[in-house]
Amino acid sequence: MSTARDRQKRRKQQREMVRKTGRSNTQAAPEERFKLPEFKLPGGQWLVIIPAAGLIFIGVVLALRFINPPDTTTPPNAIWLNKSWTYQERSLEDLMTVIDDLRTNDIGTIYFYVSSLKADGEWSGLVDGTNRFSEVSSTIEELVSQIRTVYPNVTIHAWIEVNAQSPEYRLDRVQIQNTVATFSQEMVTQLGFDGVLLDVKPIFEESDDYIQLLRTVKRQIGIDTDLIVAVPADLTPTGTELNLPNVIVPGTEWSAEYKQRVALLANQIVILAYNSYQDNPVDYIEWVEYQVSSYIEVLSQLESNTSIMVSVPNYDTPSQAHDTSVETLAASLDGVVRAQSLLDETTQVYLSGVAIFTDSMLEDSDWTIYRQRWSN
């Protein structure tokens, strides 16, 4: 039988062994029993590191989205996209380039051309096809959906064109008014537009039929859906010191009372600040300034929630009305800025921004002019 002294001696010997070997008896098994197997991967450790880095990057992006969520406000300015753009299928690369330009330059609203009412009462499509809206509707619907996917906070209005003379005056026909109203409603309920931009031309004289058309469309699309109206500028307004073209009858303008009637039915008024027949850049700038100031004064007297957007030209097709060396993007923006400088805190709310009317997507030089004259 072991004595207590013998047991103490053995424990002392065990402690000495642990001190010399650096591990206890329970860990003294052969080293190869616990050696992990070696794995050799094709490509080495990069196959592990690269996916791991990718997961980390995705995690950082998601975290930043929660910390700094994307801007959900709608920038104040607009652009017109005509049929040469809206009737074509777009690649994702093309679409992203356009959207990047719009975001960068504070363009938050698109006036998206959909159709024109033809003389036979049908809605137009491709001229070299059946010229029926049905042949382009699916392309338009898909394009609107794609734009919303890459630019969620954009506002897209269906640009609907109606010629009042086709070939004879027709706004007084109830059937025509109902046709326009029904089509407007379909653009909102079926194709997903936020509202309707009604472009009726020519309407240089005050017309009760035009007012009735606006009422009919507004009633059809609903009070909560935006009705935007494109209105002609006052070509030769009376009681001003403007230098006016002598080829247009003096007094070709809308009265303040008629402008108010339109404003009471529209959520926004788009002033077409071109086709002025002006042949001098300074005269044109002053003419644009007058158009803006005229509507601001009307809206302020009405204390309306209606605002104005000033449509500025960026197209190269010359005509008697449009001198491309006079009615430039730079000059029109200068006119808007001059009018804006006269506004105070109570009246500046009526000026929403500018809408670029263009026949092609803007070049870098055009965007530079826009930023220098307006965006800054």
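Points to keep in mind about this one:
- Each of V196, V231, L264 was scored by the projection of its Cα onto the charge dipole of the range 157-306, and the greatest displacement toward the positive side belongs to V196; charges sit on the C-beta of Lys, Arg, Asp and Glu.
- Alpha-carbon centroids, the range 250-285 and the range 99-150: separation in whole Å: 26
- Neighbour cut-off at most 11 other Cβ (10 Å), DSSP loop, GluC sites (Glu not before Pro), the range 222-312: E241, E303
- The range 294-349 and the range 170-212: distance between their alpha carbon centers, rounded to Å: 24
- In terms of its alpha-carbon gyration tensor, the range 240-376 comes out oblate; a/c meets the 1.5 threshold, while b/c is at least as large as a/b.
- Extension gain for R132-L242 works out to 35.2 nm (0.36 nm per residue, less the C-alpha to C-alpha distance).
- Percentage relative contact order, the range 309-376, counting C-alpha pairs under 8 Å, at least six apart: 50
- Annotation for V337 and S166: the two label points, set 7 Å from Cα along the Cα-Cβ direction, are 3.9 nm apart.
- Cut-off 15 Å (backbone N to label point 7 Å along Cα→Cβ of T324), residues of the range 331-373: 358-363, 366
- Shape call, the range 221-264: gyration tensor on alpha carbons, a/c limit 1.5: prolate
- Gyration tensor verdict on the range 229-296 (Cα atoms; rounded if a/c is under 1.5, prolate if a/b is larger than b/c, oblate otherwise): prolate
No lab work stands behind these numbers, since they all come straight from the coordinates. Every value quoted in this text rests on a predicted model; they were computed, and no experiment measured them. Glycine gets a Cβ as well: all are built from the backbone with ideal geometry, and neighbour counts include every protein chain shown.
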